[in-house]
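The structure appears below as structure tokens.
What follows is calculated from the coordinates using simple rules that are stated; it is not laboratory data. On a predicted model such as this, the values are computed, not experimentally measured, just so you know. For neighbour counting, all protein chains shown are included, and Cβ atoms are generated from backbone atoms with ideal geometry for every residue, glycine included.
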Amino acid sequence: MIGLDKTQMLNAFGSAGTQSEGLWEFLRDAADSKQLHTAKSSAEGLMSAILAQDGFTGAKQILEGKQGLAAGMSSDSDISKLTDELGERWTVVETSFKFHASCRHTHPAADTLLKAVLDHDLKPEDIEEVICHVHQGCD
């Protein structure tokens with residue numbers, strides 16, 4: 001982050017967590033709001049870190065508290081996975097890139113279709129139907 005100690009980091013998480021979003025209702029009408037999730041969360045996280053550095057406090061148990069993020073989002077969360085190596089391990093290097101403008105779970109199907117189109121010089125009119133089964137989160 002921006003050079004926060006552990007207390008400041010927890011305060012920043014508390015402030016950012018209380019502003020978190022990420023609901024998936026946008027799928028119902030193909031709204032553009034998905035892009036706001038990462039943009040707004042990143043901006044709010046940076047603002048929360050700056051506030052924490054200046055002494056602004058946040059909920060100390062925003063992740064694991066009775067009314068925290070884990071309780072609000074899951075009935076069987078393992079909070080240790082969220083805080084293990086906090087401030088030491090940066091998982092941004094473990095993320096994947098999205099090569100298609102679609103849910104990441106659809107990418108293998110899109111890649112396969114693209115390969116078939118290129119390998120067989122297919123035109124749109126050559127394809128009558130494509131059926132693929134993807135992760136339930138992509139419905």
Problem - At least 20 Å along the helix axis (C-alpha) and Kyte average at least -0.5, DSSP helices within the chain - result: 34-53
Practice task
Quote the relative contact order of the chain in percent (integer), defining contacts as alpha-carbon pairs under 8 Å separated by 6+ residues.
Solution key: 23
Problem - Loop-resident sites, region 1-102, for chymotrypsin sites (Phe, Trp or Tyr not before Pro), counting at most 16 other Cβ within 10 Å (DSSP) - result: W24, F56, W90, F97, F99
Handout entry: Gain on full stretching of the segment that runs from E85 to E129 - 0.36 nm per residue minus C-alpha separation
Key = 11.1 nm
Practice task
Return the calculated 222 nm mean residue ellipticity for the chain, to the nearest 500 deg cm²/dmol, obtained by summing -39500 (n - 2.57) across DSSP H runs with n ≥ 4 and dividing by the residue count.
Solution key: -12000 deg cm²/dmol
Problem - Per-pair calculated FRET efficiency, R0 = 35 Å: D32 and E64 via Cβ, rounded to 0.05 - result: 0.60
Fill in the blank from the handout: In the list [x] 33, 14, 11; [y] 24, 16, 14; [z] 39, 16, 15, the entry giving semi-axes √(5λ) of the Cα gyration tensor in Å computed from the coordinates is [z]
Exercise for the section: Work out how much length L114 to T57 would gain on full extension: take 0.36 nm times their residue separation and subtract the Cα-Cα distance, in nm to one decimal. Expected result: 15.5 nm
Practice task
Would you mind classifying region 96-139 by shape? Square roots of the alpha carbon gyration tensor eigenvalues, ordered a ≥ b ≥ c; an a/c under 1.5 is rounded, otherwise it is prolate if a/b is larger than b/c and oblate if not.
Solution key: oblate
Exercise for the section: Calculate, for D121 and V92, the FRET efficiency according to 1/(1 + (r/R0)^6) with r their C-beta to C-beta distance and R0 35 Å; round to the nearest 0.05. Expected result: 0.35
